[in-house]
Amino acid sequence: MSKPLVQMALDSLDFDATVALAEKVAPHVDILEIGTPCIKHNGIALLKTLRAKFPNNKILVDLKTMDAGYYEAEPFFKAGADITTVLGTADIGTIKGVIDVANAYGKEAQVDLINVLDKGTRTKEVAALGAHIIGVHTGLDQQAAGQTPFVDLGLVASLGLPVKVSVAGGIKPATVQQVVKAGATIVVAGAAIYGAADPAAAAAEITALARAA
Ligand SMILES: O=C([C@H](O)CO)[C@H](O)[C@H](O)COP(=O)(O)O
C-alpha cells in the first residue's frame with residue numbers, strides 16, 4: 001500500500017500570510033490546499049502565485065463547487081490546480097462536470113461529502129462516475145458543534161471502492177495514525193498546523209506520524 005499523503009489546509013483570508021505560511025510548510029507536506037474562504041477572498045491569482053513558487057507540491061483548490069461544474073473548475077485546472085473539490089450535495093451532473101474537466105486536464109476531482117445525508121450511496125454513485133478522491137469532511141462549523149469525521153471515515157473506507165479517501169476535520173497529531181489505520185489515504189490538517197507555534201515542525205510531525213502508521 002502506498003504511503004498516505006498529507007495535505008495542509010491554508011484557511012487564512014490574507015494573501016501574503018498564506019504565501020508566507022506555505023513557504024514554511026510546503027517542504028513538509030505533499031499537498032497545499034487553498035481553503036474555501038481563502039480562494040473565495042483571493043481568487044485565482046493566489047493559485048498562480050503558489051503554483052509558481054511550489055512546483056514540487058500538489059495544489060488542491062477547495063472550490064466546493066455546487067453548480068456549473070466544468071465551467072467553474074476549468075480555469076483553476078488551466079492555472080495549475082492538481083485537484084479541485086465539488087460538493088457531494090451538488091447535482092450529479094455538476095459532479096460529473098468536475099470529473100470530466102479534471103480528466104480533460106489529467107488532474108483529479110474530489111467529491112466533498114460534507115452535509116451529504118446518505119454518504120454510502122453518494123460515494124458509490126460518484127465512484128461509478130470516476131471520482132478520483134472522496135472527501136470525508138467535518139467542516140469548521142460542524143467541528144464547533146462537536147462533530148468529528150471518524151465514523152463517516154469508517155463507513156466510506158468499508159465500501160472498499162477503488163478511490164482515494166481524504167479525511168479532514170480537526171485532524172491533529174493525536175488522531176493522524178487513527179485515521180490512516182481507518183483507511184484514509186490523504187490526511188488533511190489545517191488548524192493543527194497553522195495554529196501551531198511552529199507550523200513547519202507541526203507539519204513535519206503530522207507527516208512523520210502518517211507515514212509511520
Ligand atoms: O475545508 C476546510 C473548511 O471547509 C474551510 O475551508 C478546512 O480546510 C478543513 O476542515 C481542514 O481544516 P481543519 O479542520 O482545521 O484541519
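Take a quick pass over region 79-213 and tell me how many lysine pairs come in under 24 angstrom between Cα atoms, counting only ones 8 or more apart or on separate chains.
Close lysine pairs under the 24 Å cut-off: 15.
Output the relative contact order of region 1-60, whole-number percent, from Cα pairs under 8 angstrom with separation of 6+ residues.
So the answer I get is 39 percent.
For region 5-212, list log₁₀ I(q)/I(0) at each q in 0.08, 0.09 Å⁻¹, using the Debye formula over Cα point scatterers of equal strength and ignoring solvent, two decimals each.
Once normalised to I(0) and log-transformed, intensities are -0.23, -0.30.
Among F77, F54, which comes first, second and so on when ranked by fewest other beta-carbon atoms within 10 Å?
F54, F77
Figure the gain on full extension for L117 and A201 (residue separation times 0.36 nm, minus the Cα-Cα span) and round it to one decimal in nm.
Computed gain between L117 and A201 is 26.6 nm.
Taking all pairs of distinct Cα atoms, average 1/r, flip it, and tell me the Kirkwood hydrodynamic radius of region 100-191 in Å to one decimal place.
13.4 Å
Per DSSP H run of at least 4 residues, take -39500 (n - 2.57); add these up for the chain, divide by its residues and hand me the 222 nm value, nearest 500 deg cm²/dmol.
My calculation for the chain gives -14000 deg cm²/dmol from helical runs alone.
Between A174 and F15, with labels modelled 7 Å along Cα→Cβ, what's the label distance in nm to one decimal, could you check?
Each label point is offset 7 Å from its Cα along the Cβ direction, giving 3.9 nm.
Relative contact order of the chain, please, whole-number percent, based on alpha carbon pairs below 8 angstrom and at least 6 residues apart.
After rounding, I find 20 percent.
By a straight-distance test (C-alpha under 16 Å), which aspartates and glutamates pair with K53 as possible cross-link partners, with residues fewer than eight away in the same chain excluded?
List returned: D16, E23, D30, E33, D82.
Each value in this text was obtained by applying a stated rule to the coordinates, not by laboratory testing. Because the structure is a prediction, the values reported are computed rather than measured. For neighbour counting, all protein chains shown are included, and Cβ atoms are generated from backbone atoms with ideal geometry for every residue, glycine included.
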